[in-house]
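To keep things clear, I will list the structure first and then write my remarks on it.
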Amino acid sequence: MGQFQPPAAASRTRANPAEGAGGVGRRIYDLLRSQIEEGRLASGARAPSTRALAAELGVSRTTVTAAYEQLAAEGFLLTSPGRAARIAGPPRPAGVLRGRPARMQASSVAPRLSAFGERLLAGSQPAPAPAEPVRFDFLYGAVAARDFPVLPWRRAYQAALLQGHASLGYAPAEGELALRRALQGYLGRARGLACDADQVVVVHGSQQAIDLCARLLLQAGDSFVFEDPGYLMARRCFEATGAQCLAVPVDAQGLQTDALPRGAGARLAYVTPSHQFPWGGVLPIHRRVALLQWAQREQAWIVEDDYDGEFRYGQRPIEPLQAIDTQGRVIYVGTFSKALSPQLRLGYLVLPQCLVAAFRQAKRLTDRHAPVLEQRALATLIDSGAYERHVRRVRRENERRRAALLEAVARHLPPGATVSGSSAGLHVVLWLPDVPQAAEAALVAAARQAGVGVYPLSPLYAPPPATAKATARPAGLVVGYASLSPAQIDEGMRLLGAVMAGRGRWRGGRRRTTWR
């Protein structure tokens, strides 16, 4: 071992002139590197000069020199001025078979995570394997690609791209001033929310907004109020800080404010007052006032997630809780995921003045800033009125889809199936009295086999205390409809009805299910 073997294959490279010097140099590099990695060249062995190797292979010296320089840069050759290059030795660790790609070995050492990391793993289920696509997916949060305003967005984005800029440095952490000013005007017109542009922080969707609230307002040992059932990703985000969830039940009108804890030291309450997720209730004014009074009394913050407040059918959108907050207790969270696309990853916070500096600093440390071109394009859409025209058009489309869903449920599902939360938003809760709660997962799996994607309600409930008595309720499904056409909605509900009929039987005029 140690005899340098010139790569004979490289001597035939001139037979293919189309390959070019770059391809020849790469082949020389690959062949020399393989000899070094496989240990066929002893560490410290002298490599032939670039002149000699070039003459032997019939290639230019420049080509060989380039291969040597790359090998030296990666540590396979040792070079110094005035001296011949030498072999640095095989870089593989002991125990790795020579000539074979290394494989990652399973570590026997338990990973050392922070307390946050340990809580994160303890409170989260393993990510499921990607499911096979289904023909009719009633996934909440998905929107129809055909609804995206392609032409207005392309014009606005191209204008932002061609706009001259002095440099391409980092942007303000709180977001582009043009977008924050556009949002200030839009929120006043469309949502009745009064704020200054300085109170707005642009984020990567509402999930980052919730994460920033968790990081800045909660710590281990604190407690927070949460709607039960509620948005699972928000609850897990708050719980990962080490804070305790104080679950407060909801009803058809949203959060039951008479059940808010008193004197429990809750640092914040997370609510969806304009369209409770997932039940769909709208918090009436007397409960809104009671919630604000509770926050003032308990010195707690209110995180108001207005995730789909722009989509209300038959009536004007409900004004947000922040619009009646006179004490500066409400943090308003908005997103463009439902009106435009969740893939855009743009949302915003409207903060009390006293929190602005902290949230800007946290945003800067998290990811510096949101994408600049997208912010500028969105500001153009809002300022031109194109965004509001788009929202009105999409609202009409989603109202058609909602009507199609309600008709399909009545036509295809068993008697007794009911829908809640249909007056607003992009989803409903489908209640199935003939199916027990314990059978939700089985129903979801059976529906998926039939090509229909529906999603169980149970995971959205907070775990009950060990001493609490289990309360029986029928199965519930969260059914989103914004990504499907009316025809697809009807066919999907027909297939779901067929799945349910196949698992049940009728006796004495009443349907007896066989769900287990």
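The values are calculated or read from the model by the stated rules, or taken from the named source; none is laboratory data. The model shown is predicted, which means the values in this text are computed figures rather than measured ones. Positions of Cβ are generated from backbone atoms using ideal geometry, with glycine treated the same way; all protein chains shown enter the neighbour counts. Keep in mind that these areas ignore ligands, DNA and RNA; they rest on the heavy atoms of the full protein, side chains included. Shrake-Rupley method; radii C 1.70, N 1.55, O 1.52, S 1.80 Å.
Side notes on the structure shown:
- Count of the stretch 387-416 residues, restricted to those that are modelled with pLDDT of 95 or more, open to solvent by 20 Å² or more (accessible area, probe 1.4 Å) and not charged (D, E, K, R), is 4.
- Residue that is modelled with the lowest pLDDT [pool: residues in the stretch 452-483 that are part of a loop (DSSP other than H, G, I, E, B) and touching a helix residue (DSSP H, G or I) at 6+ places or on another chain (Cβ under 6 Å)]: Arg473
- Counting only helices (runs of 4 or more DSSP H) that fall entirely inside the stretch 337-445 and contain at least 3 residues that are under 18 Å from Phe311 (Cα atoms) and touching an Asp or Glu at 6+ places or on another chain (Cβ under 8 Å), the qualifying elements are 386-412.
- Each residue in the stretch 284-312 was checked for being under 27 Å from the mean Cα position of the chain (by Cα) and either open to solvent by 60 Å² or more (accessible area, probe 1.4 Å) or not basic (Lys, Arg) (or both), and 11 pass.
- Subset tally (residues that are open to solvent by 20 Å² or more (accessible area, probe 1.4 Å) and within 20 Å of His369 (Cβ to Cβ)) for the stretch 172-205: 11
- Inter-residue pairs, beta-carbon under 9 Å, first in contact (Cβ under 8 Å) with a residue 12 or more places away in the chain and in the stretch 257-272, second hydroxyl-bearing (Ser, Thr, Tyr) and part of a loop (DSSP other than H, G, I, E, B), 6+ apart: Tyr270/Tyr231; Thr272/Tyr231; Thr272/Tyr307
- Being modelled with pLDDT of 95 or more, touching a strand residue (DSSP E or B) at 6+ places or on another chain (Cβ under 9 Å) and more than 18 Å from His390 (Cα to Cα) is true of Leu355.
Conditions tested, residue by residue: (1) over 30 Å from Asp147 (Cα atoms); (2) open to solvent by less than 30 Å² (accessible area, probe 1.4 Å).
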residue: Gly421; (1), (2): no, yes
residue: Ala462; (1), (2): yes, yes
residue: Ala472; (1), (2): yes, no
residue: Ala475; (1), (2): yes, yes
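- Selection status of Leu212, over 19 Å from the mean Cα position of the chain (by Cα), at pLDDT 95 or above and hydrophobic (A, V, I, L, M, F, W, C): no
- Qualifying positions in the stretch 40-71 - touching a Ser or Thr at 6+ places or on another chain (Cβ under 7 Å) and within 13 Å of Ala85 (Cα to Cα): Thr50, Val64, Thr65, Tyr68
- Exclusive hit being touching a Lys or Arg at 6+ places or on another chain (Cβ under 9 Å) and of a type in the set (S, T, N, Q), set Ser423, Ser384: Ser423
- Residue ID - least open to solvent (accessible area, probe 1.4 Å), chosen from residues in the stretch 208-223 that are under 26 Å from Trp294 (Cβ atoms) and either without any contact (Cβ under 8 Å) to a residue 24 or more places away in the chain or among the polar types (S, T, N, Q) (or both): Ser223
- The stretch 489-514 - residue that is basic (Lys, Arg) and not in a strand (DSSP E or B) and, of those, modelled with the highest pLDDT: Arg494
- Selected residue [of a type in the set (A, V, I, L, M, F, W, C), under 30 Å from Gly263 (Cβ atoms), touching a residue at least 12 places away in the same chain (Cβ under 8 Å) and open to solvent by less than 70 Å² (accessible area, probe 1.4 Å)] from Phe136, Phe148, Phe226: Phe226
- Subset of the stretch 21-53 (residues that are small (Gly, Ala, Ser) and either under 15 Å from Leu71 (Cβ atoms) or assigned to a loop (DSSP other than H, G, I, E, B) (or both)): Gly25, Ser34, Gly39, Ala42, Ser43, Gly44, Ala45, Ala47, Ser49
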